[in-house]
Amino acid sequence: MNAATTQDTAAAVAAAGEFEPRIIGFLCNWCSYAGADKAGASQTPYPPNVHIIKTMCTGRIDPEFILRAFRAGADGVVVLACHPGDCHYKEGNLRAAQRHAMLARLLEQLGITRERCRFDYVSAGEGEKYVQVITDMVATVRQLGPLSM
């Protein structure tokens with residue numbers, strides 16, 4: 001099956017409404033995980049498609065973890081970090097941003113579009129932003145269709 005046929009099939013499945021994306025979320029313990037908790041505590045609805053993996057710092061996320069998530073069947077990955085200047089480990093979030101930029105180029109070489117791997121900043125008080133990022137990510141991946149590797 002060639003790439004065009006795979007994309008056509010993915011688009012057809014997505015258009016039929018049969019596709020629910022599987023997304024892995026790597027969230028910083030101190031900020032973005034607390035933002036997700038705030039969204040949950042305020043009972044703000046958002047798509048349940050994200051499986052959260054809590055990390056002490058996004059700077060500790062090895063790019064291999066993201067590649068493994070895709071190999072294991074994830075249709076998308078989202079990495080949410082503390083805002084610049086707010087990292088509990090000084091510069092971990094800045095390292096994570098640099099790694100993400102490098103990883104995005106590698107993913108494209110592997111045939112995985114940049115939109116499938118998102119990096120963003122969410123603080124502990126930004127429950128509404130967390131909901132918006134997750135909602136946008138699910139909508140984007142749903143439109144892209146299933147990832148076939």
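Considering only residues that are assigned to a helix (DSSP H, G or I), without any contact (Cβ under 8 Å) to a residue 40 or more places away in the chain and among the polar types (S, T, N, Q), look in region 91-114 and name the one that is nearest to Phe65 (Cα to Cα).
The residue in question is Gln98.
Do the conditions hold for Ile112, that is, is it buried (at least 20 other Cβ atoms within 10 Å of the Cβ), of a type in the set (A, V, I, L, M) and more than 15 Å from Gly25 (Cβ to Cβ)?
yes
Mind listing whichever residues of region 38-53 are without any contact (Cβ under 8 Å) to a residue 60 or more places away in the chain and either under 14 Å from Leu147 (Cβ atoms) or surrounded by 14 or more Cβ atoms within 10 Å (Cβ to Cβ) (or both)?
Of everything in region 38-53, those that are without any contact (Cβ under 8 Å) to a residue 60 or more places away in the chain and either under 14 Å from Leu147 (Cβ atoms) or surrounded by 14 or more Cβ atoms within 10 Å (Cβ to Cβ) (or both) turn out to be Ile52, Ile53.
Does region 23-33 include one or more residues that are surrounded by fewer than 21 Cβ atoms within 10 Å (Cβ to Cβ), free of Cβ contacts under 8 Å to residues at least 60 places away in the same chain, in contact with a helix residue (DSSP H, G or I) (Cβ under 9 Å, 6 or more places away or on another chain) and within 17 Å of Ala124 (Cβ to Cβ)?
no
Of all residues in region 115-146, which are within 22 Å of Gly59 (Cα to Cα), surrounded by fewer than 20 Cβ atoms within 10 Å (Cβ to Cβ) and touching a residue at least 60 places away in the same chain (Cβ under 8 Å)?
Ala124, Gly125, Lys129
Laboratory data are not the source of any read-out in this text; all were calculated from the coordinates shown. Quick caveat: nothing in here was measured; it's all calculated off a predicted structure. Heads up, the Cβs are rebuilt from the backbone with ideal geometry, glycines too, and the neighbour counts pull from every protein chain shown.
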